[in-house]
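Working notes, structure below.
Every number here is computed from the coordinates shown, using simple stated rules; none is lab data. The shown structure was predicted, so the numbers you read here are calculated from the model rather than taken from an experiment. All Cβ positions, glycine included, derive from the backbone under ideal geometry; neighbour counts span all protein chains shown.
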Amino acid sequence: MRRHVSLPAPHRGSSTAKILAERYVLRVEARARGEHLDPEAQSGQTGRLRATQVVTGHGCFGHYLHQIQRELGPQCHECGDPDDSAQQTLEMCSRWEGERRTLMRAIRTTDLSLHSVVAAMLGSERKWKAVVSFCEEVISQKEAAEREREDAADAPPLRHRRRGRARAQYAAANRALPR
Ligand SMILES: [Zn+2]
């Protein structure tokens, strides 16, 4: 059984995203054949979604939120970096040093470039889970902080609960990958 995997348009064709999408399909097919996959690896739809956000850059990152006009600027609210991209979050943001150390130990490399992280994910179930778990931990906290900023009484109108086009874009970018 092959399911269609849809990725956000600007990254369709990006080889990294494509590799990950293929990996999802392989996992779906393995399950369809009745092969045993680690139960924990099978759960955590949100973890996979967060990992996708990190790989595609479409998620709770200042850079992206600014691009879709949900933030006034692209800076990182955690460390003040002028450009809060997925890569900034993965490699540099001082806020996530602890999570990053745990991840580097688990995937046995200090190279957190996207290429290296995806290679680790493809390398083993254990490393896959370590990356997913890092993404889940970090992005869920970034999203919680983003919600707090949205709800803040003095938030600029732009930031109040997303509506219309911005909401549709955000929803499209966060569309879940197949189970
Ligand atoms: Zn930061």
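Listed values for segment 116-131 are Karplus-derived 3J(HN,Hα) couplings in whole Hz (6.51 cos²θ - 1.76 cosθ + 1.60, θ = phi - 60°), namely 5, 5, 5, 4, 4, 4, 7, x, 7, 4, 5, 6, 3, 5, 5, 5, and x replaces Gly and Pro. What FRET efficiency, computed as 1/(1 + (r/R0)^6) with R0 = 35 Å and r the Cβ-Cβ distance, is obtained for ARG105 and LEU72, rounded to the nearest 0.05? With R0 = 35 Å, the Cβ-Cβ based efficiency is 0.40. Residue ranges 102-115, 54-67, 129-142 sort as 54-67, 129-142, 102-115 when ordered by packing (mean number of other C-beta atoms within 10 Å per residue, highest first).
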